[in-house]
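Everything on this sheet refers to the single structure shown next.
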Amino acid sequence: MTRLMRTSEVTALPVVTLAGDDVAQVKDIAFSGDGGAVAGFTLAGRGLFSGPLKTGLLWSKVVGLGPDAVMITDESALDPVDDVRGAAASADGSGSGGNVLGDQVLTDGGTDLGRVVDVIVQFDNGSSACDVVGYEIEASEHLAAKVSNASNGTRLLVPLPDTLAVSGEHLMVPASAEGFVSGDLAGFGAAVSAFRAQLGTPGEGV
């Protein structure tokens, strides 16, 4: 079943083996520099004072992701953290998509939609990809005026094209994305599918 999650809900989740061993927790999410996907996770040890680990977790090694844990087969699924960074590097080696929180979202026509407060990912457990499908933003005055019961700063969900890289100080989206903005995560998958169908790119609903 296709699921949607905010990346803020994934950060700090425990990483647990199918045998029930709690081996790490998610520290940061590494986005692909070449497109809108999760490449993997950097990890930290468990416990209040545990620091970053030298191992990471590639998305391809994830067995399941839910609201309470990231599941792996066993500790052999963990790789050197540099492998995760390498998987997130763009084709020219310039690096992975950076932290977009606080970045301004603009349409390709130059209209300010707001600033990013979270990133929405879509996945099927056991699938080969975890796609970035949208931003949660604090709406600009312009966008809030176009959405029922919204005001400046209201949190809204903006769908993204299938191949948009998660990087850049100013994040560009097609102007038509305004017509598919949602305030509800439960119905956002359908909005993403409709938006991508309108652009002629693939997408799955929930």
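The values are calculated or read from the model by the stated rules, or taken from the named source; none is laboratory data. If you're wondering where the values come from, they're calculated on a predicted model, not measured in any experiment. Positions of Cβ are generated from backbone atoms using ideal geometry, with glycine treated the same way; all protein chains shown enter the neighbour counts. All accessible areas refer to the heavy atoms of the entire protein, side chains included, with ligands and DNA or RNA removed. Shrake-Rupley method; radii C 1.70, N 1.55, O 1.52, S 1.80 Å.
Structure values in brief
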| quantity | calculated |
| --- | --- |
| Hits in segment 115-129 - residues which are open to solvent by less than 40 Å² (accessible area, probe 1.4 Å) and out of contact with any strand residue (DSSP E or B) (no Cβ under 8 Å at 6 or more places or on another chain) | SER127 |
| Unmet requirement for VAL147, which otherwise passes all of (1) of a type in the set (Val, Ile, Thr); (2) at pLDDT below 90; (3) crowded, with 21+ Cβ neighbours inside 10 Å | (3) |
| Among residues of segment 153-172, those that are at pLDDT 65 or above, under 20 Å from LEU4 (Cα atoms) and hydrophobic (A, V, I, L, M, F, W, C), counted | 5 |
| Members of segment 106-133 found to be on the phi > 0 side of the Ramachandran plot and in contact with a helix residue (DSSP H, G or I) (Cβ under 8 Å, 6 or more places away or on another chain), listed by number | GLY114 |
| Test: residue in segment 12-27 that is in contact (Cβ under 8 Å) with a residue 12 or more places away in the chain, of a type outside the set (A, V, I, L, M) and closer than 15 Å to CYS130 by Cα | no |
| Some residue of segment 179-197 being farther than 21 Å from MET5 by Cα and open to solvent by 30 Å² or more (accessible area, probe 1.4 Å) | yes |
| Considering residues of segment 102-114 that are in contact (Cβ under 8 Å) with a residue 12 or more places away in the chain and of a type in the set (Gly, Ala, Ser) only, the residue most open to solvent (accessible area, probe 1.4 Å) | GLY109 |
| Unique match (being touching a Leu at 6+ places or on another chain (Cβ under 6 Å) and of a type in the set (Phe, Trp, Tyr)) among PHE31, PHE41 | PHE41 |
| Search result, residues across segment 1-30 that are more than 13 Å from ILE72 (Cα to Cα) and either open to solvent by 20 Å² or more (accessible area, probe 1.4 Å) or assigned to a loop (DSSP other than H, G, I, E, B) (or both) | MET1, THR2, ARG3, LEU4, ARG6, SER8, GLU9, THR11, ALA12, LYS27, ASP28, ILE29 |
| Only listed residue being open to solvent by 60 Å² or more (accessible area, probe 1.4 Å) and of a type in the set (Ser, Thr, Tyr), chosen from SER76, SER50 | SER76 |
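Condition check ((1) over 30 Å from ALA39 (Cα atoms); (2) outside any strand (DSSP E or B)) across all residues:
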site: GLY114; (1), (2): no, no
site: VAL119; (1), (2): no, no
site: GLN122; (1), (2): no, no
site: GLY126; (1), (2): no, yes
site: GLY134; (1), (2): no, no
site: GLU138; (1), (2): no, no
site: HIS142; (1), (2): yes, yes
site: SER148; (1), (2): yes, yes
site: SER151; (1), (2): yes, yes
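Here's the yes/no breakdown for (1) β-branched (Val, Ile, Thr); (2) touching a helix residue (DSSP H, G or I) at 6+ places or on another chain (Cβ under 8 Å):
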residue	(1), (2)
LEU4	no, yes
LEU13	no, no
THR17	yes, yes
PHE41	no, yes
LYS54	no, yes
GLY64	no, no
ILE72	yes, yes
ASP79	no, yes
ASP82	no, no
